[in-house]
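Participant: Below are the structure tokens for one structure; questions will follow.
Values quoted throughout were computed directly from the atomic coordinates according to the rules given, and no laboratory measurement underlies them. Keep in mind that what you see is a predicted model, and the values were worked out from it rather than measured. All Cβ positions, even for glycine, are placed from backbone atoms using ideal geometry, and neighbour counts span all protein chains on display.
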Amino acid sequence: GEDVEQSLFLSVREGDSSVINCTYTDSSSTYLYWYKQEPGAGLQLLTYIFSNMDMKQDQRLTVLLNKKDKHLSLRIADTQTGDSAIYFCAEIPAYGSSNTGKLIFGQGTTLQVKP
Amino acid sequence: DTEVTQTPKHLVMGMTNKKSLKCEQHMGHRAMYWYKQKAKKPPELMFVYSYEKLSINESVPSRFSPECPNSSLLNLHLHALQPEDSALYLCASSQVSGEYSNQPQHFGDGTRLSIL
């Protein structure tokens, strides 16, 4: 079945860049998503990338997609303490499985930003 | 600010109580979702409504009963819950759902439910 994997924890200093990595298994997924969850809050859609793109940039956020290796990364430039949160990578299998149309999440990466 | 609004934000109930969680969106989305999330874990899908009809039930116990009165509203009726049902319940919406759909889902801030 489909699987999305992320490392569980990342610690960086304020002002540094953060890179959160994700691997996925389903090749039918046409969009891949990054969500941010701050303590006590719901999930905020940060950005998403279409599978025919290699890169997408949105202000401090850069998403890189290596479709051959099924590897997705989220780079946060000039990381701030307000970026401390759990970051979830997710995919939606487009067809051909029991999870078609369902959002499949990774386990989430906790980003700790030290002042 | 989230465009998916959930009420109440917190709910404490006994195992014999009946309560309801509410969710509202005004983005014109035609798919709405309920998720359950335990601490430090990803959300788990419970139900999907597409065009106000239940399209997916992820084998959720009958003590959880969803309802979609119209395209903007989604309720989750709770009865005879167990302590293990304590969690954050998240509502989400998207333009459409189902096969070939890849529309992003937008989440509310959730209802934190505690069962005594």
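Participant: So what does the Cα-only Debye profile of chain B read at q = 0.13, 0.14, 0.23, 0.24 Å⁻¹, as log10 I(q)/I(0), no solvent term?
Facilitator: -0.45, -0.52, -1.39, -1.49
Participant: Another question about this same structure. What is the Cα centroid distance between region A:86-115 and region B:1-63, reported in whole angstrom?
Facilitator: 18
Participant: Among A:74, B:116, A:43, which comes first, then next, by fewest other beta-carbon atoms within 10 Å?
Facilitator: By the 10 Å Cβ count, ascending, the order reads B:116, A:74, A:43.
Participant: I need the per residue convex hull volume for the protein assembly as shown, using only the alpha carbons, in cubic angstrom as a whole number.
Facilitator: Roughly 122 Å³ of hull volume per residue.
Participant: List B:40, A:56 from most exposed to least, where exposure is judged by having the fewest other Cβ atoms within 10 Å. Provide the component values of the computation, followed by the final result.
Facilitator: Values: B:40 10, A:56 14.
The order, fewest Cβ neighbours first, is B:40, A:56.
Participant: Running Debye on chain A with equal point scatterers at the Cα sites and no solvent, what base-10 log of I(q)/I(0) appears at q = 0.16, 0.17 Å⁻¹?
Facilitator: Log-scaled intensity ratios, in q order: -0.69, -0.77.
Participant: Tell me, what is the FRET efficiency for residue B:52 and residue A:27 to the nearest 0.05, using R0 = 45 angstrom and their Cβ-Cβ distance as r?
Facilitator: E between residue B:52 and residue A:27, to the nearest 0.05, is 0.85.
Participant: Okay, moving on. Place a label point 7 angstrom from the Cα of residue A:13 along the Cα-to-Cβ direction, then list the residues of region A:64-100 whose backbone nitrogen is under 18 Å away.
Facilitator: A:76-84
Participant: Here is a further query. Sort B:84, A:38 by Cβ crowding within 10 Å, fewest neighbours at the top.
Facilitator: Fewest to most other Cβ atoms nearby, the residues stand as B:84, A:38.
Participant: Determine ³J(HN,Hα), in whole Hz, for all residues of region B:32-44 in sequence, where each value follows from phi through the Karplus function 6.51 cos²θ - 1.76 cosθ + 1.60 and θ = phi - 60°; x replaces Gly and Pro.
Facilitator: Karplus-based 3J(HN,Hα) across region B:32-44 equals 9, 9, 10, 10, 10, 10, 8, 4, 6, 10, x, x, 10 Hz.
Participant: Which of the cysteines found in chain B have nothing to pair with, since no other Cys Cβ lies under 4.7 Å from theirs?
Facilitator: Result for chain B is B:68, no neighbouring Cys Cβ within the cutoff.
Participant: Pop a pseudo-label 7 angstrom from the Cα along the beta-carbon direction at both residue A:51 and residue B:16 and give the gap in nm to one decimal.
Facilitator: It works out to 5.3 nm between the two label points.
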